[in-house]
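Structure record follows, encoded as structure tokens.
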Amino acid sequence: MRQVDLRDALRDVAAVGPGMGVLGTSFGLLVVGSGLDWWWAPVFSVVVFAGSLEFLLVALAVAGTPLAAIAVTTLLVNGRHAFYGLSFPLNRIRTRAGRVYGVLALTDEAYALYTARPAASLSGPRIVTGQALMQACWVVGGTTGALAGSGFGLHVPALEFVFTALFVVLATEATVAGREATGPLLAVACALVAQLVAPGEMLLVAMGLFVAALLVRHRFSSSREAARA
Amino acid sequence: MPDTGYLIAVVAVAAAITVALRAAPFAMTATLRSSALVADLGRHLPAGIMILLVVHLLGDVPLDGPLVGVRELAPVAVTVAVHLWRRNALLSMATGTASYAVALALLPG
């Protein structure tokens, strides 16, 4: 790896790395606060490496949620990742191992960081190094938090809100980026309907309703365009 | 604490599905990748799913007291406002969590 790639990657990650470290620390605290051994924090962060999902997984696992429900939740919560590859500059990465890691570590942050820059200015080693540095921040943060939590018996009740705040921030970002209000409003409506009709399975019902609503809306808007043409 | 075998299965299932999702678009054919439906879903699904998760997380709080909604909704509003103002995720989350700590102190459940 050239020195310039390492320098560029460090500069890229400087924007998001500290935040991932802090968030990782609260994830580690949550892991031990939920009654799991500290080493589950690095296991989750190395193997799954999907920040927001990991918080959810700990809560679901502690509640003894059946594996099928965990699978469906993962599918829906990380479903957005299936769209990241459409614009992530994977073609800039030349080595096979680099491309595999590039896909494995395609997180929200990696996507945001490397689709915001012109692909021609990015080298493969810079992208892969940036992704590895981000994972390092996340794993080190999580392990630190978990060790601190088990060592000092640290328990902060307000900390559970970090998790909610993370999704509030992601929702705000995505809503601003989507540049329209009907989608988010549809989501709120689906959530409220699901909460009323199926409070126990709210998340699954709401996600199903929302995907169906988007499909219907797409059908309508494309037939309107066809009629205009 | 859940047993180790179950936790290993949880990690394995979540990791396998996450990897499959991240790899899926690279395995798609060019026609599917450029379809209008995929583009439409890619644009509008993320915001909606995040909103559903927020409502789900807030839905865990009991809504039977008169002031209960305020204790959770006010910190959400603070988080959104700070985020729209500064666009700094860490600052928004820190302010939101601090305001939740204040709300917990003022309105103990």
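Where a number appears in this text, it was derived from the coordinates with a stated rule and is not lab data. Everything quoted here is computed from the prediction, not taken from an experiment. No Cβ is skipped: glycine too gets one built from the backbone with ideal geometry, and neighbour counts run over all protein chains shown.
Of note:
- Expressed in Å, the radius of gyration and Dmax of the Cα atoms of region A:3-179 are 16.7, 49.
- Counting neighbouring beta carbons within 10 Å and listing from fewest to most, the residues A:M207, A:M202 come out as A:M202, A:M207.
- Phi-based couplings in Hz for region B:23-36 (Karplus 6.51, -1.76, 1.60; Gly and Pro marked x): 7, 3, x, 6, 8, 5, 6, 4, 5, 5, 4, 9, 5, 5
- Spin-label model, A:L67 to A:L6: label points 7 Å out along the Cα-to-beta-carbon direction sit 4.2 nm apart.
- Across chain B, the mean sequence separation of Cα contacts (distance under 8 Å, 6 or more residues apart), normalised by length, yields a relative contact order of 17 percent.
- Placing dummy labels 7 Å off each Cα toward the beta-carbon, the span from A:A226 to B:R86 is 5.0 nm.
- Rounded, prolate or oblate (a/c below 1.5 giving rounded, otherwise prolate when a/b exceeds b/c) for region A:114-229 by Cα gyration tensor: oblate
- Förster radius 30 Å - calculated FRET efficiency between A:A15 and B:A77 (Cβ-Cβ, nearest 0.05): 0.70
- The residues neighbouring B:A89, those whose beta-carbon lies less than 13 Å from its own, together hold a net charge of -1 under the Lys/Arg +1, Asp/Glu -1 convention.
- Relative contact order, percent, region A:3-179 [alpha-carbon distance under 8 Å, six or more residues apart]: 44
- Among the GluC sites (Glu not before Pro) found in region A:146-229, those both in a DSSP coil and sparsely packed, with 14 or fewer other Cβ atoms within 10 Å of their Cβ, are A:E180.
- In this entry, region A:91-138 is assigned a mean projected area of 3.0 nm², taken as a quarter of its C-alpha convex hull surface.
- Taking other Cβ atoms within 10 Å as a rough exposure proxy, B:D40, A:D8 sort from fewest to most as B:D40, A:D8.
- Here the ratio of the Cα radius of gyration of chain B to 2.2 N^0.38 Å is 1.50.
- Residue (of B:S99, A:P89, B:T18) at the positive-pole extreme of the protein assembly as shown, dipole from beta-carbon charges: A:P89
- Ascending count of other beta-carbon atoms within 10 Å, so fewest first, for A:I70, A:I93, B:I8: B:I8, A:I70, A:I93
- Efficiency of FRET between B:L107 and A:R96 - r from beta-carbon atoms, R0 41 angstrom, step 0.05: 0.15
- Estimated from the Cβ-Cβ distance and a Förster radius of 41 angstrom, the FRET efficiency linking B:V70 and A:A120 is about 0.20.
- Pairs of alpha carbons in the protein assembly as shown separated by more than 34 Å make up 24% of all such pairs.
- Candidates B:A94, B:A27, B:A77, ranked by Gaussian network fluctuation over chain B, Cα under 10 Å, top entry: B:A27
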